[in-house]
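The values are calculated or read from the model by the stated rules, or taken from the named source; none is laboratory data. In this text, all values refer to a predicted model and were calculated from it rather than measured experimentally. Note that we place each Cβ from the backbone using ideal geometry, even for glycine, and neighbour counts take in every protein chain shown.
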Amino acid sequence: MALAAVALAAKGVIAKLLYARGLSFDLVGGLRGVLAVPFYWAIAVLRSPGRAAHHATWQARIWAGVAGVVCYYGGGLLNLAALRTIDVSLERLVLFTYPTVVVILSAVMRRTAPSGSTLIALLGTYLGVMLAVLGGSTERIQDNVSGAALVFVSALTMGFYVLVAERMLRIIGSTAFTVW
């Protein structure tokens, strides 16, 4: 788990370094996929998905696959695209708003309003992000807004992934969810 957190945190820095060396978006995105596949295969081989996975419904397997495609491929590629125009620090700030996305989507799904203190925290988070996006140099604002929008959509995919995982982990287990 610690390695995954470090890899997620380092992804933006590594992508910016690769872009600075002249690599294209297609190549950086392709490298991300090629480097990740062996890790998923290792997880599948070293940690058998377990008994729960063998009894999982096809719907649970499809949801696990959809969550992976939406978050890993869709969200990841949007994030890499944004890094062509914005700084890593801004990308990290916007990307790590995904817990707020989980709070909002959970409230919508459960048809309950977040508490007052949660609403204040959400408002403070988004005001801070807005200040960071719009507070830079005036010639960078358009790049910051478009890049931050791409990263926010990536954060939406992460929120979607967390909510799907919350339900599917109970059904198929963490290893099967990760591998599928």
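Exactly one residue out of Val103, Val69 is without any contact (Cβ under 8 Å) to a residue 24 or more places away in the chain, under 23 Å from Ser174 (Cα atoms) and in contact with a Ser or Thr (Cβ under 7 Å, 6 or more places away or on another chain), and it is Val103.
Can you find, within segment 49-65, the residue that is modelled with the highest pLDDT among those that are assigned to a helix (DSSP H, G or I), surrounded by 19 or more Cβ atoms within 10 Å (Cβ to Cβ) and of a type outside the set (Phe, Trp, Tyr)? So the residue we want is Ala64. Inside segment 139-180, residues that are touching a His at 6+ places or on another chain (Cβ under 9 Å) and at pLDDT 85 or above make up a count of 0. When we screen Tyr126, Tyr161 for residues that are hydroxyl-bearing (Ser, Thr, Tyr), buried (at least 19 other Cβ atoms within 10 Å of the Cβ) and touching a residue at least 24 places away in the same chain (Cβ under 8 Å), the only hit is Tyr161. Here Leu46 passes the criteria (1) modelled with pLDDT of 85 or more; (2) loosely packed, with under 12 Cβ neighbours inside 10 Å except the one numbered (1). In the set (1) modelled with pLDDT of 90 or more; (2) out of contact with any Asp or Glu (no Cβ under 7 Å at 6 or more places or on another chain), Gly68 fails one condition alone, (1). Scanning segment 133-149 for residues that are more than 20 Å from the chain's Cα centre (by Cα) and surrounded by 14 or more Cβ atoms within 10 Å (Cβ to Cβ) yields Gly136, Arg140, Asp143.
Just the residues that are surrounded by fewer than 18 Cβ atoms within 10 Å (Cβ to Cβ), within 11 Å of the chain's Cα centre (by Cα) and more than 24 Å from Leu35 (Cα to Cα), please, taken from segment 69-123. Residue satisfying the conditions is Pro99 alone. Where helices (runs of 4 or more DSSP H) fall entirely within segment 73-180, those with at least 2 residues that are more than 30 Å from Ala20 (Cα to Cα) are at 98-110, 116-134, 141-172, 174-179.
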